Amino acid sequence: MRCHVSGPGRGEGCRRALVEAAAGMGVPAAVAVLAAALALPARGLENGLARTPPMGWLAWERFRCNVNCREDPRQCISEMLFMEMADRIAEDGWRELGYKYINIDDCWAAKQRDAEGRLVPDPERFPRGIKALADYVHARGLKLGIYGDLGRLTCGGYPGTTLDRVEQDAQTFAEWGVDMLKLDGCYSSGKEQAQGYPQMARALNATGRPIVYSCSWPAYQGGLPPKVNYTLLGEICNLWRNYDDIQDSWDSVLSIVDWFFTNQDVLQPFAGPGHWNDPDMLIIGNFGLSYEQSRSQMALWTIMAAPLLMSTDLRTISPSAKKILQNRLMIQINQDPLGIQGRRIIKEGSHIEVFLRPLSQAASALVFFSRRTDMPFRYTTSLAKLGFPMGAAYEVQDVYSGKIISGLKTGDNFTVIINPSGVVMWYLCPKALLIQQQAPGGPSRLPLL
């Protein structure tokens, strides 16, 4: 297809058109079209941030609004909690994998602003202040995120950011050394949100400090057009919450998966470098998911090109949960620079679903997901049935087991065994690409991480 990119906004419009066209193509053709889309100028929030989905840790799902530090000092929202999580991220192998953000959520502030009208942290729970906490986090090679709310109060009842306070609060966050802002929408009207979310984007940019901007605006407007203008969101926000808050349960994960993939035709074209759909936190390592369900959430969030923001206690996380969250190939796929959100391509009557995400260098990721609750299921198919072109061959690596299948031809039938509520996830690289990249006298396979 032909795109004309002159004029404001044309590049992003063409990019979305190319992404939409690629959705119905075979895999190599789709990758070529998506590569063309990536080459177009994207009219997103031009702060140069979040070129891949942000990764890190967020307090809310696991620690909520627990402010009872006298009786529960290790679990309450306090500077100690965030310092200890920063230590774990820095010392336990997370930082090197890309987990960089330590994000405060609601209930950090004092109940009243100071005499100059500025937000201040609770003096008992954050006695050294947010600037000192940011310095602590930065000294460990990490970044600090904070929470605000575009309303008279936050969802937890703390001071909000009304329209007359937007510039002041943006400047306060910048002076503290904050690197990400999540702006919620409790206690605000649709009219206030329509004015306030773009206003905060301008205010953050005006500070001169690079601050990733996470907007909850679409979640308060039903998540879908016409009430949600995703073109505008891509111009003002780096990521946005579309749907309900995640809870610590498999039902909650499934409800989010259902909503995102039911509405994939609307949502998928607007995701890309610098602007991401956010299905909410990873709850792996908490109490509500089985081992199989934990692997499924990680795989499905990766297919969605979702931010990977863990909300679990990294001081006590189990080895099995840590292994899922630190899977190097999984993270490589999630952070793929092409930044294309994947799609559900098959929904079988047997309660098996197949998802595909095109990746850079003509690679792809496939997820075979079972909604069954009885026993492991043998699912037989071929790459041809999944839309891959005939006559091609692929190097396949199982993302969780590491097992490699070399030379899988498009027409070859294969069987994957998928556990109840579980996934099998593959990383595929075409053999033609392997031959082109072969070094003289070197191996005939592209090394897979």
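All of (1) in a loop (DSSP other than H, G, I, E, B); (2) open to solvent by 10 Å² or more (accessible area, probe 1.4 Å) hold for residue 341 with one exception: (2).
At pLDDT 95 or above, on the phi > 0 side of the Ramachandran plot and either surrounded by fewer than 23 Cβ atoms within 10 Å (Cβ to Cβ) or β-branched (Val, Ile, Thr) (or both): is that true of residue 98 in this structure? Reasoning before the result, please.
Numbers: at pLDDT 95 or above: yes; on the phi > 0 side of the Ramachandran plot: yes; either surrounded by fewer than 23 Cβ atoms within 10 Å (Cβ to Cβ) or β-branched (Val, Ile, Thr) (or both): yes.
When the stated conditions are applied, residue 98 passes them.
Here residue 302 meets each of (1) part of a loop (DSSP other than H, G, I, E, B); (2) in contact with a strand residue (DSSP E or B) (Cβ under 9 Å, 6 or more places away or on another chain) with one exception, condition (1).
Does at least one position in the stretch 96-107 carry a residue that is of a type outside the set (A, V, I, L, M) and over 26 Å from residue 322 (Cβ atoms)? Checking the stretch 96-107: at least one residue is of a type outside the set (A, V, I, L, M) and over 26 Å from residue 322 (Cβ atoms).
Exactly one residue among 286, 327 is out of contact with any Leu (no Cβ under 8 Å at 6 or more places or on another chain), among the polar types (S, T, N, Q), more than 28 Å from residue 383 (Cβ to Cβ) and surrounded by 17 or more Cβ atoms within 10 Å (Cβ to Cβ), and that residue is 286. With respect to (1) open to solvent by less than 30 Å² (accessible area, probe 1.4 Å); (2) in contact with a Ser or Thr (Cβ under 6 Å, 6 or more places away or on another chain), the lone exception for residue 365 is condition (2).
Restricting the stretch 49-106 to residues that are of a type in the set (Val, Ile, Thr) and part of a loop (DSSP other than H, G, I, E, B), which is nearest to residue 210 (Cα to Cα)?
Start the filter on the stretch 49-106 by keeping residues that are of a type in the set (Val, Ile, Thr), which leaves 52, 67, 77, 89, 102, 104.
Then drop every residue that is not part of a loop (DSSP other than H, G, I, E, B), which leaves 52, 67, 77, 104.
Numbers: 52: 15, 67: 30, 77: 25, 104: 17 Å.
Here the residue is 52.
Looking only at the stretch 155-170, which residues are among the hydrophobic types (A, V, I, L, M, F, W, C) and either assigned to a loop (DSSP other than H, G, I, E, B) or crowded, with 21+ Cβ neighbours inside 10 Å (or both)? Within the stretch 155-170, 155, 166, 170 meet the criteria.
Take the conditions (1) open to solvent by less than 10 Å² (accessible area, probe 1.4 Å); (2) closer than 17 Å to residue 342 by Cα; residue 259 misses just one of them, which is (1).
Looking across the stretch 107-121, the residues that are buried (at least 22 other Cβ atoms within 10 Å of the Cβ) and in a loop (DSSP other than H, G, I, E, B) come down to 107, 108, 119.
Rundown of residues vs (1) basic (Lys, Arg); (2) modelled with pLDDT under 95, yes/no style:
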| site | (1), (2) |
| --- | --- |
| 387 | no, no |
| 394 | no, no |
| 409 | yes, no |
| 419 | no, no |
| 431 | yes, yes |
| 437 | no, yes |
| 444 | no, yes |
| 449 | no, yes |
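For the stretch 368-418, give me the residue count where each residue is assigned to a loop (DSSP other than H, G, I, E, B) and among the acidic types (Asp, Glu).
First pass over the stretch 368-418, keeping only residues assigned to a loop (DSSP other than H, G, I, E, B): 371-376, 383-392, 399-403, 410-412.
Those still in the list that are among the acidic types (Asp, Glu) too: 374, 412.
Looking only at that region, the number is 2.
Within the stretch 45-95, track down each residue that is small (Gly, Ala, Ser), crowded, with 21+ Cβ neighbours inside 10 Å and over 15 Å from residue 326 (Cα atoms).
As a first pass, look at the stretch 45-95 and keep what is small (Gly, Ala, Ser): 48, 50, 56, 59, 78, 86, 90, 93.
Keeping just the survivors that are crowded, with 21+ Cβ neighbours inside 10 Å gives 50, 56, 59, 78, 86.
Passing the criteria: 50, 59, 78, 86.
Quickly run through the stretch 290-313 and pick out the residues that are farther than 30 Å from residue 338 by Cα and open to solvent by less than 30 Å² (accessible area, probe 1.4 Å). Once the filter is applied, which keeps residues that are farther than 30 Å from residue 338 by Cα and open to solvent by less than 30 Å² (accessible area, probe 1.4 Å), the stretch 290-313 yields only 313. Within the stretch 194-244, the only residue that satisfies the criterion of being open to solvent by 30 Å² or more (accessible area, probe 1.4 Å), in contact (Cβ under 8 Å) with a residue 60 or more places away in the chain and not in a helix (DSSP H, G or I) is 210.
The values are calculated or read from the model by the stated rules, or taken from the named source; none is laboratory data. On a predicted model such as this, the values are computed, not experimentally measured, just so you know. Every residue, glycine as well, gets a Cβ built from its backbone with ideal geometry; the counts of neighbours run over all protein chains shown. These area figures cover heavy atoms from the full protein model, side chains too; ligands, DNA and RNA do not enter into them. Shrake-Rupley method; radii C 1.70, N 1.55, O 1.52, S 1.80 Å.
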